[in-house]
Every structure is written in C-alpha cells, then in structure tokens.
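Please read the structure below before turning to the comments.
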Amino acid sequence: MARLLKLNVFRYNPQDPKSVPHLQTYVLDETDNMTMFIALNRVREEQDPGLQFDFCCRAGICGSCAMVINGRPSLACHTKTKDLPDEITLLPLPVFKLIGDLSVDTGVWFRAMYDKVESWIHTRKEFDPKALEERMDNAVAEQIYELERCIECGCCVAACGTARLRDDFMGAAALNRVARFVVDPRDTRTDKEYFEIIGNDTGIFGCMGLLACEDVCPKDLPLQNQLGYLRRKMGITALKSLFSRK
Amino acid sequence: MSSILAMHVAQPSRRDAYLDWLQMLSGAALVLFMWSHMILVSSVIIGPGAMNAIAGFFERTYMAQIGGPLVFAAFLFHFVLAARKVPFRAEKQGVAWAHAKMMHHRDTWLWIVQVVTAMVILIMGAIHMWVVLTSLPISAEKSAARIQGGWWLLFYLVLLPMVELHVSIGFYRIGVKWGVIKADARSGAKKAENILFGVFMVIGLVTLVRFMFLAI
Ligand code: HEM
Ligand code: SF4
Ligand code: SF4
Ligand code: FES
C-alpha cells in the first residue's frame, strides 16, 4: 500500500508585492524509488505549474536542487522519500538570496566567494605551450581531487550557524576551496598570503566548530578535517610572524 | 597615524588569530583548573581531614590567596574573549535559536547549550568565587555549614551541571576546532565527552551529599 505524502512547501514570490510567505500543502502518492526531485516535479506537473524550484542533473552533480528538507539542507535529487516521514516540510536554503518558493541564487554568492579567495592557481612561471605537462605526484593529485569534488550546492553554508549569524563569514565551501590550493604545489602562494585571505573572523577563526557543514555535505567532503587543518596552519602562521618580524 | 589609516582601509591583521589562540588557551586552562578544583573539593569524600590538608597546603603556599584571584581574572578574561562569539542582540539570538530548531543537529544544539551555560556560570561562578575568596581560608567545615544551610545546596545543584556541561562540550569543541579530533575519531570523542560529563557529575553529587552529612 503506497503512502500518501504530505508536502508542506514554502511559497513566496519576492517580486510580487502581494505575495505573502506561507506554507502550501500538497498531497501526493509515493511511488517506488521516489526522490524529492521526482515528487516535486510531479507536483509541478499535476497540481501546480507555478511552483518554483531548481534542478538540472537529477544525479547529485550540478548542485542546483539544494533545499531544506525537514530541517536539513540537502539535495532534493539525493533524498529518497522512503527515508522521510509521511509529512515533509520543504524550505529554501537560508543565507542565499531567494528567487521564489524553493529557488535561491547560490551563483552570486559563490562567484563573490571565488573572487575573495582568489580561486585560481597563482604562479609566476611562464607558460610554455610546447613543453610536456608537468607531472604531479599521484597522492597529491588525489588529495586535490578530493577537495575539488564540491558541487557548490550551498548546503554547508546554509547549515552553518556562523554564516547565519554573520553575513561576511566565508563558510566551509570557501575554506575548503582555500585548502585545495594550499595542497596544490603549482600554486606558489605562501602561508602568509593565505593568511591574509582567511586568517580572521570572516575566515577560519570565525568558524565555531559546530560541524553542521561536515554533517550535511551531500558529497561527503572532508570539511571537518580541512577546517581543523587550516585553523592549526593559520594559527601557527600568526605565531611564527610574532617571532620573526621586527 | 596607522590607527587612523586602518579605520578607513582594513589592514591585514593577526588580531583574530591571537584572540582565537587566547580563547582556546584560556578555556583549556580553566578546564584544567576545574579538574584540580574537583580533586580538592571531592577529597572531602575521603574525609574532612583530607580536604583541610589540601586546602591548608594552598593556604600556606599562598596559592589560594594569589591563585584564587588569578583564576577569577582568567575567568573574566575567557568571558570577554568568548563573548565575541555570543549573539547578544535579540535579533541574532532569534536567528541562532531558529537555526538550531531547524537543523535538528546535535553539535548545533551543543553550541546553544555552551552559550546558555556560559551566562549562568558567569553570574553564579562569580558569586561563588567571591564568597569563597572573601572568607578564606577554605575549610571542609565552612563549606559544609554553607551547604547544610539549604540555599547554597540549591545553588550548587544548579551550578554543578552548568559547569560540567560547559567544560565537557568546551573540551570536545577545542578538539574539533583545532583538528586534534579528526573526523573518524569524532563519535569516540563524543562518547568521551558524555563519560566525562557523567563521571564529574557523579563525583560532584557525591561530594555535595558528603557535605550534607558532615558533622560540623
Ligand atoms: C569555569 C569556567 C569556564 C570554563 C572551564 C570554560 C571552558 C571553556 C572551553 C574549554 C571552551 C572551548 C574554547 C574554544 O572553543 O576555543 C569554552 C568556550 C566558550 N566559553 Fe567557556 N569556560 C568557562 C567559563 C565561561 C564563562 C563565564 C563564559 C561567559 C560568557 C564562557 C563562554 C564561553 C563561550 C561562549 C564559548 C564558545 C566559544 C566559541 O563558540 O567559539 N565560558 N569555554
Ligand atoms: S564547522 Fe565552522 S564552517 Fe562548519 S558549520 Fe560549523 S561554524 Fe560553519
Ligand atoms: S562543500 Fe559540500 S555542502 Fe558545501 S557546497 Fe560543496 S558540496 Fe555542497
Ligand atoms: S539536480 Fe543536480 S544536484 Fe540535484
């Protein structure tokens, strides 16, 4: 006997002055292997063509379907309804700008973040198009790849108490980005240069270690370990300059 | 001059890093103190003689007279540093509360517990230290008299769990923030945190009971 799911969905259109934020309830019969992504598409097709939410890849790759599902920021396409109770509440991710209903703009946030952490390889080496590509140690390449897997869904930022308390906090995704360049031997930035980006309360020292980021990341990025690593590294960088300069 | 410039153009600074170190170190120092404190006070379980001997040692070496106020200073210092992270405005408190309720996430709740216990400790801990340090020397009989009076028993029954919660959560959080506790050790560390809380609660309660029944 299939369950009837009760979806309480956040509805609000910031463009429309008459729109009032509210929860709208939809009832839907559950099917085999149903994900939140399938459920929402059926609601849109069968009950309410005006419902706004984002998706693209439906396979946990593009990061666009993140929303708050029964309190937890997660990917709609990654969440099976069979793991949820009969009543499911869907909210848009906090922190990010609301476009409408469940749809938020994570792009602007991530773009600004990449500018801030200068998310590109910094090097003065002249590029020689004819030379063979420089080899990289396999273990290092794997370590970089592990941190590159972030799909920019924004779940870790929406789950972060610090990010909700202060708008200027960089969030785990940004700090993880920095950690990715720290391990990359092609990036010649020194610890001191990284310190200038993240060595303050908008960066690593603002993190209060609540570890919601680690617990919600749908791609299981090793955020806890990276945050700990960066705090130690940046803390030691500060102490070193205490003894070296002047 | 440099401060005038820095007011208008943010300069890279090491301030937040130093403050974070000091917050962690002051917290860790207070945790160590609380453990030694527990050894002193719970020695009354063995007998008032044991507690008086330890207290007498601190008195003779002037560690009570000098160390006491120093601990008080460290306590206030830690408060000032940690308060940087506490939402004091009603609006932010509302955000923090709504966030914790939304998330159903243990570590997020633990942080709320840490902030609330901190405020209780700030007030009750200050009262406690004031009372003890203004009536030196410390003795088992004096403490027992206070506790048998009734109101102080109630006072300690509130303060004890607050301190033990704050200490065990703080100890765990230092571990995860500084990467001493890695991801694979986290569930073990949580268990250790609970055991720590449980053991110190039991010692603390047994100590209070012992004071209740100490002949003065
Ligand atoms: C017996 C007294 C106390 C002990 C043993 C103690 C211990 C600790 C420890 C070990 C930490 C973790 C440090 C860190 O995360 O870097 C901590 C954090 C904290 N303490 Fe205390 N503390 C005490 C009193 C207080 C008081 C009076 C306050 C008053 C405001 C306070 C407020 C806080 C706060 C808000 C945090 C969290 C800081 C953060 O989230 O980064 N503590 N404490
Ligand atoms: S560990 Fe740090 S970055 Fe992660 S959720 Fe907590 S405060 Fe945010
Ligand atoms: S770190 Fe994880 S939760 Fe955060 S944006 Fe990347 S994939 Fe999403
Ligand atoms: S639709 Fe792409 S991650 Fe869910």
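The values are calculated or read from the model by the stated rules, or taken from the named source; none is laboratory data. Keep in mind that this is a model prediction, so the values were computed, not measured. Positions of Cβ are backbone-derived with ideal geometry, glycine not excepted, and every protein chain shown enters the neighbour counts.
If you take the residues of the stretch A:180-208 that are at the interface with chain B (Cβ under 9 Å from one of its Cβ atoms), free of Cβ contacts under 8 Å to residues at least 40 places away in the same chain and surrounded by fewer than 23 Cβ atoms within 10 Å (Cβ to Cβ), which of them is farthest from the chain's Cα centre (by Cα)? Filtering the stretch A:180-208 for residues that are at the interface with chain B (Cβ under 9 Å from one of its Cβ atoms), free of Cβ contacts under 8 Å to residues at least 40 places away in the same chain and surrounded by fewer than 23 Cβ atoms within 10 Å (Cβ to Cβ), the one farthest from the chain's Cα centre (by Cα) comes out as A:Glu196. Take the residues in the stretch A:17-37 that are of a type outside the set (A, V, I, L, M, F, W, C) and in a loop (DSSP other than H, G, I, E, B); name whichever of them is surrounded by the most Cβ atoms within 10 Å (Cβ to Cβ). Ranking the candidates gives A:Glu30 first.
Of all the criteria given as (1) within 16 Å of ligand 3 (Cβ to nearest atom); (2) within 30 Å of B:Glu59 (Cα to Cα), the one not satisfied by B:His105 is (2). Of all residues in the stretch A:190-245, those being basic (Lys, Arg), at pLDDT 90 or above and farther than 30 Å from A:Cys77 by Cα number 3. From the list A:Leu230, A:Leu221, A:Leu147, A:Leu210, the one residue that fits, being on the phi < 0 side of the Ramachandran plot and near ligand 2 (Cβ under 9 Å from one of its atoms), is A:Leu210. Among helices (runs of 4 or more DSSP H) entirely within the stretch B:131-216, having at least 3 residues that are under 20 Å from B:Thr108 (Cβ atoms), touching an Asp or Glu at 6+ places or on another chain (Cβ under 8 Å) and of a type in the set (D, E, K, R) singles out no element at all. Taking every residue in the stretch B:166-188 that is within 7 Å of chain A (Cβ to nearest Cβ) and pairing it with any residue that is of a type in the set (Phe, Trp, Tyr), at least 6 positions away or on another chain, the pairs with Cβ-Cβ distances below 7 Å are B:Gly179/A:Tyr229. Could you please find all residues in the stretch A:38-92 being in a loop (DSSP other than H, G, I, E, B), closer than 12 Å to A:Pro218 by Cβ and away from ligand 3 (no atom under 13 Å from the Cβ)? If the condition is that a residue be in a loop (DSSP other than H, G, I, E, B), closer than 12 Å to A:Pro218 by Cβ and away from ligand 3 (no atom under 13 Å from the Cβ), then A:Ala59, A:Thr79 are the ones that fit. Look at the stretch A:211-236: where a residue is at the interface with chain B (Cβ under 7 Å from one of its Cβ atoms) and a partner is within 10 Å of ligand 2 (Cβ to nearest atom) and among the hydroxyl-bearing types (Ser, Thr, Tyr), sitting 6+ places away or on another chain with Cβ atoms under 7 Å, you get A:Ala212/B:Thr108.
When residues in the stretch A:170-226 are screened for being in a loop (DSSP other than H, G, I, E, B) and over 29 Å from B:Ile169 (Cβ atoms), 7 of them pass. A single entry from B:Ser36, B:Ser42, B:Ser3 fulfils the requirement of being more than 14 Å from chain A (Cβ to nearest Cβ), modelled with pLDDT under 80 and in a helix (DSSP H, G or I): B:Ser3.
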